[in-house]
Amino acid sequence: MSSGSDTRELDSLIKELLVLAKGPLAKARVLPRQVYLSEEFLAREEERIFHQEWLCAGREDDIPEVGDFITYQIGRQPIIVVRLSNQSIHAMANVCRHRMMRLVEGRGNAKRFACPYHGWTYRIDGQLISAPHMECTAGFDKKQVTLPTIRCESWGGWIYVTLNSKSESVADRLHALEPVVAKYRMERYVGIFSEDREWNTNWKLLCENFMEGYHLPVAHRSTVGNNFPVQDTIFDSRGAFDGFTYQCFTKPNDLLIGVAHPRNRKLRGDWRRRSVMPTVFPSHMYVLAPDHLWYLSVQPKGPSEVSIRYGVALAPEVFKHHPDVKSFIDEIQELLGRVQEEDRILVEAILKGAQAPLARRGPLSWLEREIHEFIQYLARQLV
Ligand code: FES
Ligand SMILES: [Fe+2]
């Protein structure tokens, strides 16, 4: 139960958030440190953001065959996302309708889902089909028992899920992003890797770190820093959007990773060397390059712990026609692994910084415009 002083602290943080969100970029500042530490602030985020918004559970090609499934968690709600026999993607609660056991973990292929506790068994669309020894239970009718459906939509090859039955569709929310990413045809990209990780930081510190390119030449100088000429960062001239933000980088000519394959004849001019980095609010972030993409989908586990779904996919022409695709995959995984490790060290250390009693926050640079837009997003959701 929150005390009076906790409530007062939450109110004052929300007030401060509103002031920051209303100011212009030239006066933008970092969020107060307590926003990254407070249990009450996190409870508000869970209620107003993670139980309301579209979250990315993975990619459509994670589950290409009938019965292929992945599990995911929306806040405190475990879910199953499964490919049905009509090829559609279905999401449902991963909680047995008998005594609320979790049905399945991880990912795989299933003909049906059998509860490991007493063996109640569901079709892959969630309909209960058998329940041992329930014949003497008055009024029990297995036809009336299904796993609750979770709203699920695909967009650009991504699978989004939400507990909110009323919000606008993903396509509506992201329609202004569509022309930016459409030229890459990312829905065709072939997944090569996906896994879940946990880091010791606040979810917003990880998102803010991903959004800004300002740190790239310094913090990633031994990996990808030189590939991103941050002084030439391209922002959208249309201004800020409610559901997402993004930036673009055009890379130097002579790179082996991050440029279009010769067989890619759709991308032209600078777009053959350009990467787009969208953040779909609240926490789906990806780097979309002409030859590959990688992504993070992030959720808080506590104020100082974050769950991350991390994956990599290749453009199909790279997958099919690279002279040595296996080495290319190894190389890209190794490189991105090192970049991730650099980021993990940063965002875990920033949390330690925010916990320090003498921590003082500063102003944002023009290269951190997306953080300012993120602050505006948080204010729209939380105030
Ligand atoms: S809890 Fe699933 S069968 Fe009993
Ligand atoms: Fe980084």
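Restricting attention to the range 259-274, report how many residues are in contact with a helix residue (DSSP H, G or I) (Cβ under 9 Å, 6 or more places away or on another chain) and assigned to a strand (DSSP E or B).
Total satisfying the criteria: 0.
Condition check ((1) under 16 Å from the mean Cα position of the chain (by Cα); (2) within 16 Å of ligand 2 (Cβ to nearest atom); (3) outside the structural domain of residue 288 (by TED's automatic domain parsing)) across all residues:
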| position | (1), (2), (3) |
| --- | --- |
| 129 | no, no, yes |
| 132 | no, no, yes |
| 146 | no, no, yes |
| 151 | no, no, yes |
| 160 | yes, no, yes |
| 180 | no, no, no |
| 185 | no, no, no |
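Here are some conditions: (1) away from ligand 2 (no atom under 16 Å from the Cβ); (2) under 21 Å from the mean Cα position of the chain (by Cα). Residue 197 meets all but one. Which one does it not meet?
Looking at each condition in turn, residue 197 falls short on (1).
Mind checking which helices (runs of 4 or more DSSP H) fall wholly inside the range 144-239 and carry at least 1 residues that are among the charged types (D, E, K, R) and surrounded by 15 or more Cβ atoms within 10 Å (Cβ to Cβ)?
170-173, 203-211
What do you reckon, is residue 9 over 27 Å from residue 296 (Cβ atoms) and of a type in the set (Asp, Glu)?
It is true that residue 9 is over 27 Å from residue 296 (Cβ atoms) and of a type in the set (Asp, Glu).
Which one is nearest to ligand 1 (Cβ to nearest atom) among residues in the range 100-143 that are among the β-branched types (Val, Ile, Thr) and surrounded by 15 or more Cβ atoms within 10 Å (Cβ to Cβ)?
Result: 121.
Here is a yes/no grid of residues against (1) among the hydroxyl-bearing types (Ser, Thr, Tyr); (2) within 16 Å of ligand 2 (Cβ to nearest atom); (3) modelled with pLDDT under 95; (4) crowded, with 20+ Cβ neighbours inside 10 Å:
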| position | (1), (2), (3), (4) |
| --- | --- |
| 279 | yes, yes, no, yes |
| 285 | no, yes, no, yes |
| 351 | no, yes, no, yes |
| 355 | no, no, no, no |
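Within the group 97, 33, which residue is assigned by TED's automatic domain parsing to the domain that holds residue 144 and basic (Lys, Arg)?
Of the residues listed, the single one that is assigned by TED's automatic domain parsing to the domain that holds residue 144 and basic (Lys, Arg) is 97.
So, of the residues in the range 313-336 that are without any contact (Cβ under 8 Å) to a residue 60 or more places away in the chain and surrounded by fewer than 14 Cβ atoms within 10 Å (Cβ to Cβ), which turns out to be farthest from the chain's Cα centre (by Cα)?
Among them, the one singled out is 323.
The values are calculated or read from the model by the stated rules, or taken from the named source; none is laboratory data. Here the structure is a predicted model, which is why all the values come from computation and not from measurement. Note that each Cβ is placed from the backbone with ideal geometry, even for glycine, and that neighbours are counted across all protein chains shown.
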